Every structure is written in structure tokens, then in C-alpha cells.
């Protein structure tokens, strides 16, 4: 348990800080911006479990995110389900999605998994567009229930909830990374055939990573409709989620749980600024250019650059 | 005589129209040292892949220690006790040497302790057997060809195999390095590991094997002791021409 | 569904299928033969379509625009492959993920650049053969589909002939199977692959023109065609040109029947569904090794 003490201490500190901020900060926009960044932390961390650790690239993260959101909407409309149930159901649905796609394609080359994620994204979007119960193309409004005792507004409560989810996501990623599971995934990524002959149950591990990754993405999306009080397919399935989920870990660094966090915080914040000052298309263009730049020139991301810099500093 | 450990029975493997293995049968007894020779393209590596589970055979059966493993996944066969080295070394290049060894330790030998230190100690001990202990925390990118092959061997050993299959582990090595590797392998045999060695280097095969099998065009052409094999007319035809 | 309706759907499907084959031949080469994770292929198609649209603004017929742009796309393909090979292919392990992410990034940048240049609205071109129909017995066939059908046949037949008859073409097929042998024969595998990738990208100019002839385009169309082009390329059996034609027709007919039976909103799912089916049952495709 020694390796976890520091982490647990920091995690608790972060949660306490979130609760305090929820009480102190007057500016509502702060919570909106922070919520978006926290959401990206979960999304990027989720992506990295399959992408960074195992080497399988998900191009359809937006669909998992939206599927989580729409599962929540369906449950709210059906029987006003509480938040906990929404989160659990979203995790179940998107976890199953990840598992299904994995079962169909993880035996094949990596590119087929990636194409399958695009397929699922297109199919999901089509289904939702035609599903009147959750509002279809027009969208659906969702009423925020009254805020529980400690909180000034429901939005503030969701901010704390998302902080908790981010901490849990990062904890899961860290566990996978430093445990024998993570080593198995890395072995698969480095050389799958050698991993098999070294006793690694490659298919099972890949399926686990795909399921966990999918479930976390759904959880990231589940509180979204409540937070916005409204949901419609075009923004829920926005390509921005798919590209961000991929770009943030790659730019931050895929080797460790810290990379997606760094990527999410940096890029998430930059996105807020660019979208407001320039345009959302320019924002997405910048994201794409940064992605290509890092993939080409700095494949180990910001973490890798930092490591190289500190190594050079130590030599001097 | 020792019991039969590996039984390959009429195994066939096709790639489209090309028949890589045709009705291949052989047995390996516990503790035995078997050598497999044959020209390039004769199907040696394909045979190994079928035995280890990297490829599914199209016909015939494979039995290990009395268990039918023909349809078993490769990682399960590894857990039963079959280990192999690859012709071209396949290190886990994002990991240190110690971590490379930790993988089979954790997945085959099940040393999944909560204490990282235990796995690390054992990994280092195995590396020490190969003379690689001093580079346990180095990246695999820094290794020479010989060292890469030693790492391959170490990784196979970490799985505590009952049957070890070596696919041209000495290819490209200098005579001194060949002798070094031969020493390590003979030592392993003395410890009770059953070893199947595929090689082109005749000197090594002759010194190492108790029995030799010669493969050509997917079929077993000759079988016998090293002395018998050298004199076999089929083998001479294959290697020296008519 | 009545027999007559089915017949019409099949005929329409064959025409559509040949069009799908035309837009997929480039991918059959790039992904099928060269093993490049060219997920940006559909994006290049859309780029070609917009190229035809832009030149159409000067009065140039879209097919001519496609032909005119082919050398430009070819050169771009040479450059892209050279860059891809130097950055990813020659570096080994992690390259798979990064190469894929690279092309995804490129596809993405192309899409957004098109949005910024032309907006999200649909664009179309005008030509003598667009908007008219031809009667073949009881069936009315849109002329633009016949044009696309004709061009597609020429394109696929031409490429197939090139790959089997010319020295470079055969070298391309050889390099797909055994690089070392080719190197030993004195040919440079990298340059051959570069040439092949140039050809693959070059087809996107003319195929892209077909795209905008067949229907209006908008920047996001690329994502839809990821399914269609990869479905055709995989179903064909990676690298087979006649296979690409056959696979295209199968997809076209399937989509056409679904369109007639269930409506337009489900037709896009056919390609993805068929692709997943092929991957599950016979990943080597129809004519694959």
C-alpha cells in the first residue's frame, strides 16, 4: 500500500479543495469552465487506458460520451432516476459498447478496431437522431432537481461530483498502469506475439481495457444533460470530443496517467479561451494541428519532453 | 525411458495453396535434447509456431504432458509449461530488462505479489543467470545482438518451462558467443529442462543433441542420433545437393 | 417488395457500387498493398470533390477538373508518403498508433480547413450530364450515375492493367508481398511504395470529382466514406483490383436494397455493418491471400 499513500493524500486534498471552492467562489463561469476541464480529464484518462497502455486507438470517443449522456436522459425521462443510477447505467451501457466493439475487432489489426469505433459513432448518432423519446434532432430539456443541502446550486454539486469522478478515473488508470495488468498491456502494445508466448492472455486484457475505457467515457458523459439542462445530438456527438480524447493524452504523454491530466488541463483551458475569442472551428483546427505536430515531433508528449529536459539538467 | 512430454501427431499447416507442413509427427521425451535441422523454408519455424500456439494447425494433433493442446491458446500453453525464443528477438522495447522478465514471472509463474520488490528480486536473479544483472534497469535499445538473445532466453526461462524451444538462438553469433550460448543451454538441460533446438550451426547441433530430426519442404526426411543424421543420404542430398 | 422494385434497386446498386469501387481503389493500393493506415483517404476524396467544385467555378467540367488535379494529388501523395515513411514506418513499435493518429489528424485538419474555406453547407457542381436521366427499357437511370459508372470502370480496369502489365506495377505488387526479395533484385522498395502511394492519392482527384458529380458534398462527408471505402477495400481482399470492383458492387447493391426498403437514414449504416460482418467472418476478403 506504500505506493498509494501519497496519491490518496493528494486525492483527498483535491476533493476537499473542490468542496471549499463550491462554497466560496461567487463566479458561476468558473464552475462551468472547471466542469468542462474535469470532464476532459475523465475522457482523456479513459481513452489512454486503451490507447496509451494497449495501443488501440479509439476514434469514436464522442459516441461513448454521448451514449452516456443519452442513457442518463432516457432514465430521467423514464422514471426521474437519481444521479447515482444514471452514472451506473451509463457505465454499464458504454462498458458494454466497448466490450462489444472489442469482441468483434480486437483479434484483428489495430486499424480495424479504430474503424469500428467510427462505425459505432455514426450508428449511434443515427439512432439518437431518430429516437423521439430522448428528443431526437430537436433535443431535450432536462430539469435540474433542487440542490442538496451543502450546495448553493445544482451546478456546483455536479462540479464536485465531476471532481470525484476525475479522481476515481485517475486512480483506476494509475492502478492499471503500475500493476501487472499495466505491464501486460504494455507487453501487448510492444509485441503481441511475444506477450502471448510469455503467458499474457492478450484478448482478455484487451477486452478489459476496452470495457473499462468505454465505461469511464460514458460516466464522463452522464452528468452532461443535467449540467446543461439541455441536450441535442449535434453538440453531444461533437467531433471535438473524439479529437480531444485522442489529442489530450497524446500531447500530454501516453505513457502515464499524468499525461492525459496534463493534456486535459492545458488543452481544455486553451480551448475555452480560443472558442470564446476566435471560433469553435479554429479551436478544433488548432487541436488537430497540435495533435499532428506532437505525433510527429514529440511522440512522448509533454511528459516525455519534461523528462528529457530534466535528464539534460541533471547531466550538467 | 523417460515419459513422452511432447507428441506432435500428423500435423499439417497450409497458407492458402502453399503447404508449409505436411503430416509431421514427432515425439520428445522428458529431459531430452532434440535438434531440428533443415534448409530455409522447410517449415521449422512454422512447426514451432504450431506447437506453441502462435499458429493454429490445419490437421493433426499436439499433445503436451498428456493434454491435448491442439486448440489451446498460446498463453495457455505457456502456462502449461511451453516456452520459446523467437528467431528474431522480440523484446518489450518500452520496458527495462527487469520488466521484460517480470511479464512471464507475473503471467506464467504467477508471482503477482503486492510487493513490487519480490518480483524485481526474482527478475534480477534470472537476469544474473544470463550475465545481464548489471543492466537490469537499462532499456532494451542498448543491447547487442548477443544480449538480446540472452534476454529472449531469460524471458523464456522466467516462465519456468518444462519444454523450451529455441528458434535459431545462435544465428549471427561469433564462434565464441556460440560456445557461450551452448554452455548456457547445456546447463539448462542438466537442470532438467526438456529442450528442442532449431539451428543451422551444425557444430552446435552435433554437440547439443541427443537426437536430431531433419525437415525439408514441410516433411520429416530423417531422424536419428547426430552421428546417424550426418551419414543419412537424404540429409546429405538436402544439404549438399545431388 | 415487388420484383420490379427489387430489379430497379439492383440496377441502381450496380451503378452505385462501381462508383464505390472507384473511390476505394486508392485505398486498396494504399492500405491493401502498402499497409499504410490511410484513414485520411476519404478526406482526400472530399478534398478532390471540393477541388472540382472550385474549378467548376471557372466553368471547368468536373471530370476535366478531376483529371487536371490528378498530377497535383499524385505529387502530394509522393510527399505524404515520404514524410510518413521517414517519421513512422522506419521507426518501429509505437509507429502503429502514431501513424494512425497522424492520418486521423490530417483527415481532421482537411475537414476543418474545408469548413473554414467553404462553410458547412452542401456544395454541388453543374454539368451537362447532371440532372438528366436515360431510359433503359422500363428503368430510368440518372445520367450522372452512368457517367460515374463509366469512369469507375475505366479507372479500375486501368489500374488493374497497370499493376499486372507494367514493370512498376508488378514491382508494386511484389513489394507488397516481399520487400527483401525486391531489394535484392536491385529495386528500391521505398521509392516503389512512394510511387504507389502517389498513384493512390492521385486517384482521389478523379474519384473526388465523381463524388461531387454523384451527389452534393459537405466537409463532414469523409467520415461517412471511411466506412464505405474501408468496407470495399477489406471485402475486396487487400490489394485486389478486380476484388475492389466486385466488393464495390456488393456494397452498392446492399445499400440500394436497404435504401428502397428502409429509407435513407439507415443506408449509411450498411457499409459499416457489412465491414464488421466481413471482419468477423472472412477478414481476408473475397480475393485475399
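Read the figures in this text as sums done on the coordinates, not as results from a lab. Model, not experiment: these values are computed from the prediction. Here Cβ is always computed from backbone atoms with ideal geometry, including for glycine, and neighbour counts include all displayed protein chains.
For segment A:130-158 versus segment C:1-73, the inter-centroid distance based on Cα atoms is 44 Å.
Under 12 Å from a label point set 7 Å out along the Cα-to-Cβ vector of residue B:23, the amide N atoms of segment B:188-225 belong to B:219-220. For chain B, the antiparallel share of DSSP beta bridges with both residues in that region comes to about 55%.
The DSSP beta bridges internal to segment B:84-226 are antiparallel in roughly 45% of cases. From its DSSP helices (H runs of at least four residues, each -39,500 (n - 2.57)), chain A gives a residue-normalised ellipticity at 222 nm of -25500 deg cm²/dmol.
Placing dummy labels 7 Å off each Cα toward the beta-carbon, the span from residue B:87 to residue C:139 is 5.1 nm. Here each label is just a point 7 Å from Cα along the line to Cβ, and for residue B:128 and residue B:10 those points are 5.1 nm apart.
Hey, what D do you get for chain C in µm²/s if you plug the Kirkwood alpha-carbon radius into Stokes-Einstein at 25 °C and 0.890 mPa s?
Values: Rh = 19.2 Å.
The diffusion coefficient I find is 128 µm²/s.
Which of A:252, A:102, A:132 moves most in a GNM of chain A, Cα contacts under 10 Å? The residue that fluctuates most here is A:132. Dividing the convex hull volume of the alpha carbon atoms of segment A:130-206 by its residue count gives 176 Å³ per residue. Springs join every pair of Cα atoms under 10 Å in this Gaussian network model of chain C, and among C:177, C:38, C:194 the largest mean-square fluctuation is at C:177. Of interest is the spacing of the C-alpha centroids, which for segment A:200-222 and segment B:1-34 amounts to 39 Å.
Which whole number of Å³ per residue matches the convex hull of the alpha-carbon atoms in segment B:40-117? Display every interim value, and only then the final one.
Numbers: hull volume 8.9 nm³, N = 78.
Dividing the Cα hull volume of segment B:40-117 by its residue count gives 115 Å³.
Measuring between their Cα centroids, segment A:27-92 and segment A:224-287 lie 13 Å from each other. Past the 20 angstrom mark, what percentage of all C-alpha to C-alpha distances in segment A:233-316 do you count? Of the Cα pairs, 37 percent sit more than 20 Å apart. Work out the FRET efficiency for residue B:210 and residue C:154 from their Cβ-Cβ distance, taking R0 = 60 Å, and round it to the nearest 0.05. Using R0 = 60 Å, I get an efficiency of 0.35.
Please state the relative contact order of segment B:141-242 as a whole percent: Cα pairs under 8 Å, 6+ residues apart? Numbers along the way, then the final one.
Details: 90 pairs, mean separation 20.1, N = 102.
Relative contact order of segment B:141-242: 20 percent.
Here is how the number arises for chain C: DSSP H runs of 4 or more residues each give -39500 (n - 2.57), the sum is divided by the residue count, and the result at 222 nm is -25000 deg cm²/dmol.
Each helix, a run of at least 4 DSSP H residues, gives -39500 (n - 2.57); summed and divided by the residues of chain B, these come to -11000 deg cm²/dmol at 222 nm. Name the residue, out of C:238, C:15, C:277, whose mean-square fluctuation peaks in a Gaussian network model built on chain C with Cα pairs under 10 Å. Of the options given, C:277 has the highest mean-square fluctuation. Ordered by the count of other Cβ atoms within 10 Å of each Cβ, fewest first, C:204, A:124 give A:124, C:204. Length gained on full extension, residue A:100 to residue A:9, computed as 0.36 nm times the residue gap minus the Cα-Cα distance: 29.1 nm.
Taking every alpha-carbon pair under 8 Å whose residues sit at least 6 apart, chain A reaches a relative contact order of 31 percent.
Can you tell me what share of the DSSP beta bridges in the protein assembly as shown is antiparallel? A percent to the nearest 5 is fine.
So the antiparallel bridges amount to about 60 percent of the total.
Once both labels are positioned 7 Å from their Cα atoms along Cα-to-Cβ, the gap between residue C:89 and residue B:191 label points is 4.3 nm. Ordering A:23, C:282 by the number of other Cβ atoms within 10 Å of each residue's own Cβ, fewest first, gives A:23, C:282.
How big is the convex hull of the Cα atoms of segment C:211-289, per residue, in Å³?
Here the figure is 94 Å³ per residue.
When the P(r) of the protein assembly as shown is calculated, the portion above 36 Å amounts to 53% of the C-alpha pairs. Oblate is the label for segment C:102-226, because a/c, from the alpha-carbon gyration tensor with a ≥ b ≥ c as root eigenvalues, is 1.5 or above and a/b does not exceed b/c.
Which whole-number percent is the relative contact order of chain C (Cα, under 8 Å, 6+ apart)? Please list the in-between numbers first.
On the way: 480 pairs, mean separation 112.0, N = 289.
Relative contact order, chain C: 39 percent.
What fraction of the Cα pairs in segment A:1-158, stated in percent, has a spacing above 28 angstrom?
On the way: 4435 of 12403 pairs.
So the portion of pairs separated by more than 28 Å is 36 percent.
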